[in-house]
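A.B. asks: One structure, pasted below without further comment.
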Amino acid sequence: MAYSHKRVESKWQKYWDENESFKTVLDPKKPKYYVLDMFPYPSGSGLHVGHPEGYTATDILARYKRTKGFSVLHPMGWDAFGLPAEQHAIQTGTHPAITTKTAIGNFTRQLKMLGFSYDWTREISTAEPSYYKWTQWIFKRLYDRGLAYKKEVPVNWCPALKTVLANDEVIDGKSERGGHPVHRVPMNQWMLKITDYAERLLKDLDGVNWPESTKDLQRNWIGRSEGLQMKFAIAGAPDGVTAGSSEQIEIFTTRPDTLYGATYLVLAPEHPLVAKLTVAGQKAEVDTYVAAASRKSEIARQEQTKEKTGVFSGTYAVNPVNQEKIPVWIADYVMMGYGTGAIMAVPAHDDRDHDFAKAFSLPIIEVVEPADGAAAEGCFTGEGKSINSGTLTGLSTKDAKEKIIAAIEKEGRGKKTVNYKLRDWLFSRQRYWGEPFPIVHFEDGTRSTVDDEYLPVSLPEVKSYEPTGTGESPLAAITDWMNTTDPKTGKKLRRETDTMPGSAGSSWYFLRYCDPTNDKEPWSREAEKYWMPVDLYLGGPEHAVGHLLYARFWTKVLFDAGLVTHDEPFKRLVHQGMILGEDGEKMSKSRGNVINPDDVVNEFGADTLRIYEMFMGPLDQDKPWSTTAISGSYRFLARAWRIFLEGKEDQEIDTLIVKDEAATEEDLRITHKTIQKVTDDIEGLRFNTAISQMMMFVNHFTKEPRKPRACLKPFVQLLHPFAPHMAEELWERIGEKEALAYAAWPAFDPKYVTEDAMTIAIQVLGKTRGTVSVPVGSDQATVEKAAREIAQVASQLEGKTVKKVIFVPGKILNFVVG
C-alpha cells in the first residue's frame, strides 16, 4: 500500500488531542525550555502557506527539547483586539467578538491539522475579559509609577475610519486599511512614558542574542545623541515690525562646532512658535503649508530622497556667535518629536540642510574641513578641523565642541544635553474593539484608577460600532456604561471612553502563558521565575521597533516593580524569512498568488508541507513557493515509509520489514553520522541540511536489502520533530511502547563518525591535477610522497624544478615549479 497521509495524520491528531500529549508541567527537577511564536491576529481569511514556516521551526525545537529531557513550554494564543474586526463589524453588523471567535476556530483547526505540539490548555485570547483584566491591572501599575499620562499631541487622524492610527498603520499619508487620507492633528491622548527607559532599552540590547540588524533598528529608533540645547534670540521681521521679539527659539544640535556655519533656522510645522513668529504677509502661505504637512506621515517626511519643501516665516533670528541675522523657515523634514522641534541649519555640513539650502538659494558657509586639509567634495558631514569659525578655527571637531559648549553654558544660553529620537508611546484609540482603560473621571475634573477588585472593566454590548467622528470612541455614546457611580463613596463618575491599542495585550502575553488560568494574579511568582525569560522567540522582522520594543519596556517596568525576575523578555530572537508566491512576489489576495495550506495538506499531507517548508532553504531567507518541488518532499516521505513497511495492492496492512539483524559497518556509519548531523543542525536551526542528511540515510537503506532495527529505530526519532505523524505511526508499527514525544533522543557513537581518511587536492601551479586519500592527520611529507605517485602530477613535474611546496593541512598541497 502507498502511504496514506490522511488516515495516519487524522489518527495521531486525535490521539494528541484526547491525551493532551503536550500539556506542560512545571517540574523544578528538569531544565526548562520556553519556545514561543509571535502569536497571530486571527483574520477571517485563515492561514496561507507562509505562516507555518515559523510555526514548524519552533515545533521542531519543542519536540526535540522534550526528548532531551527539558520541560517545554510551547503555547499558542490570539492577538484578538484591533481595527480589522471592528471595521468588519461596521460593514456587516456582525459583532467583532463573533467574527473573532469564528476566525480563531478556523486558525485552531488549521494549526492542529499541521501537527504542531502546542499546549492547548494554555490558549489565550487578548479579547477575553479574563485576559484583559490583567492588561488593565498592568496599566494601573504603569499609571501608579507615573508612566501613564494624558497630553495633547499631534496624532494620525483618519476621518474615514474615525480613529487615531499608529505610524505603522499609515502608508504614504493614507490608512493601511482602506487607503483613506490621514491628517496630523492635535488630540488629547493617553501616553506611556517609554522615554524614561530609553537609556536602558538601548544599553541592554548588548545582552540579548538577537539579529544585529534588529538590534540596530532599535538603536536607530531610540536614537541616542549627545549635543547642545541652546536658544536663539529673535531679530524681528524684515519689514521692521517686531514679531514676538520676547520669544526665543530653542534648538538641539549634535554639532555645536558648526555654529558659525548656521545660515537659517527651521521649525517643525507643528511647533507652537510657528503661529507666533509668522508675519502677517506670510500667514496664508504658512497656513497652507502647515495644513499640507499634516497630511503626510512621519515616515514620508523623513525620507532622505524626497524633495525638500518649506516656507519662510518672515522672521529672523540672531546667530549668537557672529550676530548675523538668519531667516526662520518652516519645513516638514524637521520633526516636533525629536529634540526641541527646531534646528539650526548648517547646509555645508548636513545633507538635508544642504538639499534645502540648494532648493531655496540659502547661503552655504563651510566651517569644517577634513583633518588632513584635503578639499571636501560636496557636503562634508564628517569630523575634521574647524575653519571660518572665530576662536574655534584650527581646533579639532572634538575640541571645538567642548569649547563652544563651555562658552554657551557660561553665557546661560544653553547646556550639554542627551537627546533621543524615541518618543512616548501614544496609547489611545477611539475604537470599540479594544481594552477599556481602568480609569474614571470625577465631576471636579480629577481622575482615578478603578480598584483591582472591580477589574475587569468589561466592554459593554453595543448596537453600533461606528466611531463618533468627533475624536471620541463609540463607547462615549453608551451613556449607561460611561456614566456610573463609585461603589464605595456613591460619587458620580464618568468612565474613560478611549480604548487601548492592540499592542497592549501583546506587550505581556508571554508572561500570561506561564500561568494562564490563574484568576488571582496575572502569573504566580513560581511560574514566572521558572519559565521566564523566553529561550527562543520566533517571528517576522516587521515588529522590530513596535511590539519588540514595547514588550521590552513593559518587562522592565514590571521588573522595577518587583513583579518579574528578568528585565529582558526574550533571550534569543530569530526572524524567519518570507515564503513568496510562485511568482516571487509577496503572497496577497490582490496578486492572486496565495496558497491555502488546506489544499496542500489535502493533496500531500501535513508532514510533507512541514518537510518542504524546512527544506526550501535557510530559515532566515525569503524563498519562493513551488508546487512542483513539494512533490519531491512527498516522495522522500514515501521512500522513508517503504524502508520500514512493504505491501501489495491487495493487502490491507503493510508488512513490517524491520529486523533484529546485524548492521554492517557502513550501516552504522551513516546512522551515527545522521544522528550527529541532525542533532547539530536542529540546535543550529539548520533544518534544510538536517533533512538533506536524512534523505541520504533513506537513499542508503532504500538500496540495501538489510533493514536493521538498530539503525531504523533512531531514524524514526530523528524524523519525528519534522514529520511527527508518520514518525508516530512508524514508532507504533515497530512495536515501541514508550511515547515517542518523550523518548530519549538518540546519541551518536564517536567511533562511527570519526573519519579514518581524508582527501587532499593536489595542485601544480595552482591547478588541480588529482587527489590523494591519506590517513587523517598526515603530515606534509606523507601527502607529498603520495602526490608524486599520481601519474598526472608526475608528468607535470618531470624535468622541472620544484621551487616551493605549499601545504594546507587537510585541504591542498600545491607544487610551485619553474
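A.B. asks: Could you tell me what percent of the accessible area of segment 684-768 is made up of carbon and sulfur, with a 1.4 Å probe and every protein chain present?
C.D. replies: Its accessible area is 54 percent carbon and sulfur atoms.
A.B. asks: Please say if segment 342-424 is rounded, prolate or oblate, where rounded means a/c under 1.5 for a ≥ b ≥ c the square roots of the C-alpha gyration tensor eigenvalues, and otherwise the choice is prolate for a/b larger than b/c and oblate otherwise?
C.D. replies: Note, shape of segment 342-424 comes out oblate.
A.B. asks: Projecting each Cα onto the charge dipole of segment 592-665 (Lys/Arg +1, Asp/Glu -1 at the beta carbon, about the Cα centre), which of Ser631, Ala663, Gly605 comes out farthest on the positive side?
C.D. replies: Checked the options; the winner is Ser631.
A.B. asks: Hey, what's segment 485-593 come to in accessible area per residue, 1.4 Å probe, Å²?
C.D. replies: 40
A.B. asks: Report the GluC sites (Glu not before Pro) located in segment 16-94 that are in a DSSP loop and have at most 11 other Cβ atoms inside 10 Å of their Cβ, or state none.
C.D. replies: Hits after loop and neighbour filter: Glu20.
A.B. asks: Which value, in Å² rounded to 10, gives the accessible area of Glu585 with a 1.4 Å probe and all protein chains present?
C.D. replies: 80
A.B. asks: Would you mind getting the accessible area per residue of segment 306-449, heavy atoms of the protein chains only, 1.4 Å probe, in Å²?
C.D. replies: With all protein chains present, segment 306-449 gives 44 Å² per residue.
A.B. asks: Could you tell me which residue out of Gly581, Val534, Leu558 lies farthest along the dipole of segment 526-593 toward its positive end? Charges go on the beta carbon: Lys and Arg +1, Asp and Glu -1, centred on the Cα centre.
C.D. replies: Towards the positive end, the residue furthest out is Gly581.
A.B. asks: For Met578, Met38, give the ranking by accessible area with the largest first, probe 1.4 Å.
C.D. replies: Met578, Met38
A.B. asks: While we're looking at this one, here's another question. Of the listed peptides 782-790, 657-665, what is their order by residue-averaged count of other C-beta atoms within 10 Å, with the highest listed first?
C.D. replies: 782-790, 657-665
A.B. asks: Within 13 Å, Cβ to Cβ, of Glu798, how many net charges do the neighbouring residues add up to if Lys/Arg are +1 and Asp/Glu are -1?
C.D. replies: Computed value for this residue: +3.
A.B. asks: Same structure, new question: For a quick check of understanding: with a 1.4 angstrom probe and all protein chains in place, what accessible area in square angstrom does Val545 have, to the nearest ten?
C.D. replies: The accessible area comes out at roughly 40 Å².
A.B. asks: Against the longest principal axis of the chain, how steep is helix 5-19, in degrees 0 to 90 to the nearest 10, with axes from Cα atoms?
C.D. replies: Here the helix axis deviates by roughly 70 degrees.
A.B. asks: At 1.4 Å probe size, with the rest of the protein present, what percent of the exposed accessible area of segment 559-633 is carbon and sulfur atoms?
C.D. replies: Whole-percent figure for carbon plus sulfur exposure: 49.
A.B. asks: Please compute the length gained on full extension between Ala292 and Arg447, using 0.36 nm multiplied by the number of residues separating them and subtracting their Cα-Cα distance.
C.D. replies: This chain segment gains 52.2 nm when fully extended.
A.B. asks: On to the next question. What nm value, rounded to one decimal, do you get for the distance between Thr121 and Glu226 when each label is placed 7 Å out toward the C-beta?
C.D. replies: Placing both labels 7 Å beyond Cα along the Cβ direction yields 5.5 nm.
A.B. asks: Which trypsin sites (Lys or Arg not before Pro) in segment 536-627 sit in a loop by DSSP (not H, G, I, E or B) and have at most 15 other Cβ atoms within 10 Å of their own Cβ?
C.D. replies: When the trypsin sites (Lys or Arg not before Pro) of segment 536-627 are filtered for loop state and at most 15 Cβ neighbours within 10 Å, Lys586, Lys589, Arg591 remain.
A.B. asks: Rounded, prolate or oblate, given the Cα gyration tensor of segment 528-569, with a/c below 1.5 counting as rounded?
C.D. replies: oblate
A.B. asks: Roughly how many Å² of Glu324 are accessible to a 1.4 Å probe, to the nearest 10?
C.D. replies: 100
A.B. asks: With r as the distance between the Cβ atoms of Lys68 and Arg639 and R0 = 30 Å, compute the FRET efficiency 1/(1 + (r/R0)^6) and round to 0.05.
C.D. replies: The calculated FRET efficiency here is 0.60.
A.B. asks: Name the chymotrypsin sites (Phe, Trp or Tyr not before Pro) in segment 173-235 that are in a loop by DSSP and that have at most 11 other C-beta atoms within 10 Å, would you?
C.D. replies: Qualifying residues, ordered by number: none.
A.B. asks: If a/c stays under 1.5 just call it rounded; otherwise compare a/b with b/c (prolate if a/b is bigger, oblate if not). Do that for segment 1-40, with a ≥ b ≥ c from the square roots of the Cα gyration tensor eigenvalues.
C.D. replies: Cα axes put segment 1-40 in the prolate bin.
A.B. asks: If you rank Arg733, Arg447 by how much accessible surface each has, with a 1.4 Å probe, what is the order from largest down?
C.D. replies: Sorted by accessible area, descending: Arg447, Arg733.
A.B. asks: Which order do you get for Lys804, Lys737 if you rank them by accessible area with a 1.4 Å probe, largest at the top?
C.D. replies: So, going from the largest accessible area down, we get Lys737, Lys804.
A.B. asks: Another one. Below 8 Å between Cα atoms, with a sequence gap of 6+, how large is the relative contact order for the chain in percent?
C.D. replies: About 14 percent, as a whole number.
A.B. asks: Something else: In percent, what relative contact order does segment 487-606 have, based on Cα pairs under 8 Å that are 6 or more apart in sequence?
C.D. replies: With pairs under 8 Å counted, the relative contact order is 21 percent.
A.B. asks: What does the net charge come to around Thr94 if you take all other residues with beta carbon closer than 13 Å to its beta carbon, with K and R at +1 and D and E at -1?
C.D. replies: In short, +1.
A.B. asks: Another question, if that's okay. Within the set of other residues whose C-beta is less than 15 Å from the C-beta of Cys379, count the net charge using Lys and Arg as +1 and Asp and Glu as -1.
C.D. replies: -4
A.B. asks: Please give the calculated 222 nm ellipticity per residue for the chain, where each DSSP H segment of at least 4 residues contributes -39500 (n - 2.57) and the sum is spread over every residue; nearest 500 deg cm²/dmol?
C.D. replies: That calculation yields -10000 deg cm²/dmol at 222 nm.
A.B. asks: Sort the following peptides by mean Cβ neighbour count (other Cβ atoms within 10 Å, averaged over residues), highest first: 157-163, 57-63.
C.D. replies: The peptides rank, most packed first, as 57-63, 157-163.
The values are calculated or read from the model by the stated rules, or taken from the named source; none is laboratory data. Note that the coordinates shown come from a computational prediction; the quantities given were computed from them, not determined experimentally. FYI the Cβ positions are ideal-geometry reconstructions off the backbone, even for glycines, and counts take in every protein chain you see. In case anyone asks, the SASA skips ligands and DNA or RNA and just uses the protein heavy atoms, side chains included. Shrake-Rupley method; radii C 1.70, N 1.55, O 1.52, S 1.80 Å.
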